[in-house]
Amino acid sequence: MEVALAYSPMLDAYDLGPEHPFKPERVTLAVAMMRENGLIAEGALRPIEFASAAPDDLLRVHAPEYVELVMRASGPGGLRRAQAGIGPGDTPTFPGMHDAAALIVGATAAALRAVLSGEYTHALAPAGGLHHAHRDYASGFCVYNDIAVAIAEALERQPTLRILYIDIDAHHGDGVQDMFRAEPRVLTISLHEDGRYLFPGTGVVTERGEGPGLGSAINVPLPPLANDACYMLAFDEVVAPASRAFMPDVIVAQCGADAHWSDPLTNLGVTLHGFRALYGRLTTLADESCDGRLLATGGGGYSWQRIVPSAWTLLASALTGVTLPPALAEEPDAPALRADEALEATRAVIASLRDAGAV
Ligand SMILES: [Zn+2]
């Protein structure tokens, strides 16, 4: 199947510095591997045009004073002390930061438009997925929330749209959840490592949205060492039934690959086989729920050289339906995780979601 690919090497400009773990190379290497495997071709991934998001686009979800601050901080001097989450710390300033972040937003928004226009059924925005950015502050390496801007734009164009957001990044999708917490047309579901052990600390089962959006956020905090079986269980018992009940018109999936067992920033236990199975479930769910309409973005991934390229090439394979050599998902060094306790804990989380009436 022909799949829209919103990627250009210009997106590599979102570079927080040589010592920073969030590396643009994770995207570059992933796209290179997709190309090596023949996935950027007719009948598979097709590059689409996109432009930087304009300030007015960003203002759909971001505060004007925040966008102004980012613009000011993007000059050669940067910021001497951290303000609104940017500057010395997790999300350091760099020259051209506003332009680089706005280009990522433009790519994700174009990818969602490509799906909603009916031109493509699936789209991939591998540099997107900056799910921690909030309305008026940066967080967790994320300056602008490309996903939220894309969703807000889609709702403006088509006010009756129902959008399901599924976040399988190891970290809670706090920024996206927060921006749509009172919006009944957007259901956000985040599977993530329990916030007691991992940034950003939020994403408990009782966060369910607010006001008219009550019930439009679902959180599945998974225990450390949660493995493939835990993720499949959470997907099958929470994500799939929630999607059936919500009846979305399109699914937007944040596919950060940092739940991998080797990821240096997280404590989960997913393998490449597990990612492949999850991506397969995502496309199947989109087929069942919304005539296949699915935008997948990237996200985190700190085994950036060894794992992220393979994971996202498997994602591209699931989106295009092009089969890859099985060796791509083989990991002879994967530890045989004994995860009985994690599976028990996952069952308990799902039970508490049911008790809370969240699913
Ligand atoms: Zn992450």
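From the set of residues in segment 283-299 that are under 13 Å from the mean Cα position of the chain (by Cα) and among the hydrophobic types (A, V, I, L, M, F, W, C), which is farthest from the ligand (Cβ to nearest atom)?
Step one: list which residues in segment 283-299 are under 13 Å from the mean Cα position of the chain (by Cα), which gives 294-299.
Applying the additional criterion that residues be among the hydrophobic types (A, V, I, L, M, F, W, C) yields 294-296.
Numbers: Leu294: 20, Leu295: 18, Ala296: 15 Å.
If we take residues in segment 283-299 being under 13 Å from the mean Cα position of the chain (by Cα) and among the hydrophobic types (A, V, I, L, M, F, W, C), then Leu294 is farthest from the ligand (Cβ to nearest atom).
Does Met33 satisfy the condition of being more than 23 Å from Val176 (Cα to Cα) and in a loop (DSSP other than H, G, I, E, B)?
Working: more than 23 Å from Val176 (Cα to Cα): yes; in a loop (DSSP other than H, G, I, E, B): no.
So Met33 fails the test.
Looking at the structure I just gave you, is Gly203 at pLDDT 95 or above, within 16 Å of the ligand (Cβ to nearest atom), on the phi > 0 side of the Ramachandran plot and not in a helix (DSSP H, G or I)? Before you say what the answer is, go through the steps one by one.
On the way: at pLDDT 95 or above: yes; within 16 Å of the ligand (Cβ to nearest atom): yes; on the phi > 0 side of the Ramachandran plot: yes; not in a helix (DSSP H, G or I): yes.
It is true that Gly203 is at pLDDT 95 or above, within 16 Å of the ligand (Cβ to nearest atom), on the phi > 0 side of the Ramachandran plot and not in a helix (DSSP H, G or I).
Being of a type in the set (D, E, K, R) and surrounded by fewer than 23 Cβ atoms within 10 Å (Cβ to Cβ) is the filter; apply it to segment 114-163 and report the residue that is nearest to Met33 (Cα to Cα). Walk me through it before giving the result.
Taking segment 114-163 as the starting set, the residues that turn out to be of a type in the set (D, E, K, R) are 119, 135-136, 146, 153, 156-157, 162.
So of that shortlist, the ones also surrounded by fewer than 23 Cβ atoms within 10 Å (Cβ to Cβ) come out as 119, 135-136, 153, 156-157, 162.
Details: Glu119: 25, Arg135: 34, Asp136: 36, Glu153: 31, Glu156: 36, Arg157: 35, Arg162: 34 Å.
Applying the filter and picking the extreme gives Glu119.
Can you find, within segment 315-359, the residue that is farthest from the chain's Cα centre (by Cα) among those that are more than 17 Å from Gly274 (Cβ to Cβ), among the hydroxyl-bearing types (Ser, Thr, Tyr) and surrounded by 13 or more Cβ atoms within 10 Å (Cβ to Cβ)?
So, considering only residues that are more than 17 Å from Gly274 (Cβ to Cβ), among the hydroxyl-bearing types (Ser, Thr, Tyr) and surrounded by 13 or more Cβ atoms within 10 Å (Cβ to Cβ), the one farthest from the chain's Cα centre (by Cα) is Ser352.
Can you tell me which residue among Asp258, Asp249, Asp236 is within 16 Å of the ligand (Cβ to nearest atom) and charged (D, E, K, R)? Steps first, answer last, please.
Numbers: Asp249 fails: within 16 Å of the ligand (Cβ to nearest atom); Asp236 fails: within 16 Å of the ligand (Cβ to nearest atom).
The match here is Asp258.
Filter segment 166-200 down to residues that are within 13 Å of the ligand (Cβ to nearest atom) and of a type in the set (Gly, Ala, Ser) and give me whichever is surrounded by the fewest Cβ atoms within 10 Å (Cβ to Cβ).
For segment 166-200, the residue satisfying everything is Gly195.
Let me spell it out: the conditions are (1) out of contact with any Asp or Glu (no Cβ under 9 Å at 6 or more places or on another chain); (2) modelled with pLDDT of 95 or more; (3) over 30 Å from Leu314 (Cβ atoms); (4) surrounded by 15 or more Cβ atoms within 10 Å (Cβ to Cβ), and Ala63 meets all of them except one. Which number is the exception?
Among (1) out of contact with any Asp or Glu (no Cβ under 9 Å at 6 or more places or on another chain); (2) modelled with pLDDT of 95 or more; (3) over 30 Å from Leu314 (Cβ atoms); (4) surrounded by 15 or more Cβ atoms within 10 Å (Cβ to Cβ), Ala63 violates only (1).
Select the helices (runs of 4 or more DSSP H) contained entirely in segment 56-175, then report the ones holding at least 2 residues which are of a type outside the set (Asp, Glu), in contact with a Lys or Arg (Cβ under 7 Å, 6 or more places away or on another chain) and closer than 24 Å to Leu191 by Cβ.
Values: elements: 64-73, 97-116, 146-157.
Those helices (runs of 4 or more DSSP H) span 146-157.
Of the residues that sit in segment 246-262 and are more than 21 Å from Ala125 (Cβ to Cβ) and in contact (Cβ under 8 Å) with a residue 60 or more places away in the chain, which one is surrounded by the fewest Cβ atoms within 10 Å (Cβ to Cβ)?
Taking segment 246-262 and keeping what is more than 21 Å from Ala125 (Cβ to Cβ), we get 246-247, 261-262.
Filter once more, keeping what is in contact (Cβ under 8 Å) with a residue 60 or more places away in the chain: 246-247, 261.
Working: Phe246: 19, Met247: 11, Trp261: 22.
The extreme case among them is Met247.
Check Asp56 against each of (1) surrounded by fewer than 21 Cβ atoms within 10 Å (Cβ to Cβ); (2) touching a His at 6+ places or on another chain (Cβ under 7 Å) and name the one condition it does not meet.
Exception for Asp56: condition (2).
Go through segment 292-341 and count every residue that is within 22 Å of Leu112 (Cα to Cα) and basic (Lys, Arg).
Counting residues in segment 292-341 that are within 22 Å of Leu112 (Cα to Cα) and basic (Lys, Arg) gives 1.
Against the conditions (1) in contact with a Gly (Cβ under 9 Å, 6 or more places away or on another chain); (2) within 12 Å of the ligand (Cβ to nearest atom), where does Tyr302 fall short? Just the number, please.
Tyr302 satisfies every listed condition except (1).
The values are calculated or read from the model by the stated rules, or taken from the named source; none is laboratory data. Keep in mind that this is a model prediction, so the values were computed, not measured. FYI the Cβ positions are ideal-geometry reconstructions off the backbone, even for glycines, and counts take in every protein chain you see.
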